[in-house]
Amino acid sequence: MKRRLCLLLALWPMASWAGGADGTALPELLARIRQSGPAQFHYEETRRLELAAAPWHGEGYMLSGADGSLVKLQLLPKRVIMAIVQDRMYYWDPEQRQRSSAPLSFAGSAAGQIAVFRAILQGQAETLAPDYDFAADRQGKRWSLRVTPKPGQGGEEAPSVEISGDEDTNRRRIAISQPDGESTEYRMERTDEGQRLEYSIQRLLLEAAGE
């Protein structure tokens, strides 16, 4: 559950860290992929786990609320709702009738990962600067942004994240690498945005919470 709750949907505008060779790559890329307000993404997920013989594949939608709520609606291989609201996480598997809710701190080492992703999503850059480095690269139409823990900072289990894409601002690739060698890759495409999404987000949150 804790790994599946690690959602990264967007980044904030920030121009204070150095970028590529010309010093402009980072602020330009952050402006390009900036997301504000409610948004919905279709995603395809590939997970490579240490003890699994083959990669795991999933597909569905990720929804981000204006208040920082995160909802992952997995549709394949089966329907599952995972969500983070303020400092709580929710999980609902209707096929197995499994529902759980717990403080985010109960996620153990994964809580730090989630905190990083939420800080990025909500634009709280100042909370990441002491522990993480940011590096941008741009090659023609292709671009990438790496977020990596500083040596001795971020905890031993802090992940590295790479966001990449091209001129299509609705599409992006997000790769999350764990220190133990496990990794998750998302291929995402924005399918909707705006205030009308708040209804869908709240409806899914109520379903996950069992209300």
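The values are calculated or read from the model by the stated rules, or taken from the named source; none is laboratory data. What you are looking at is a predicted structure, and each value in this text was computed from that prediction instead of being measured. Using ideal geometry, Cβ is built from the backbone for each residue, glycine included, and neighbour counts are taken over all protein chains shown. Areas reflect the complete protein model, heavy atoms only, side chains present, ligands, DNA and RNA absent. Shrake-Rupley method; radii C 1.70, N 1.55, O 1.52, S 1.80 Å.
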Under the condition of being assigned to a helix (DSSP H, G or I) and not polar (S, T, N, Q), which residue from the range 100-114 is most open to solvent (accessible area, probe 1.4 Å)? PHE106
Exclusive hit being at pLDDT below 85, surrounded by fewer than 17 Cβ atoms within 10 Å (Cβ to Cβ) and closer than 24 Å to GLN86 by Cβ, set GLU193, GLU198: GLU193
When the range 147-168 is checked residue by residue, the ones that are within 21 Å of MET62 (Cβ to Cβ) and surrounded by 12 or more Cβ atoms within 10 Å (Cβ to Cβ) are VAL147, PRO159, SER160, VAL161, GLU162, ILE163, SER164, GLY165, ASP166
Within the range 87-99, which residues are farther than 15 Å from GLN74 by Cβ and surrounded by fewer than 14 Cβ atoms within 10 Å (Cβ to Cβ)? ASP87, ARG97
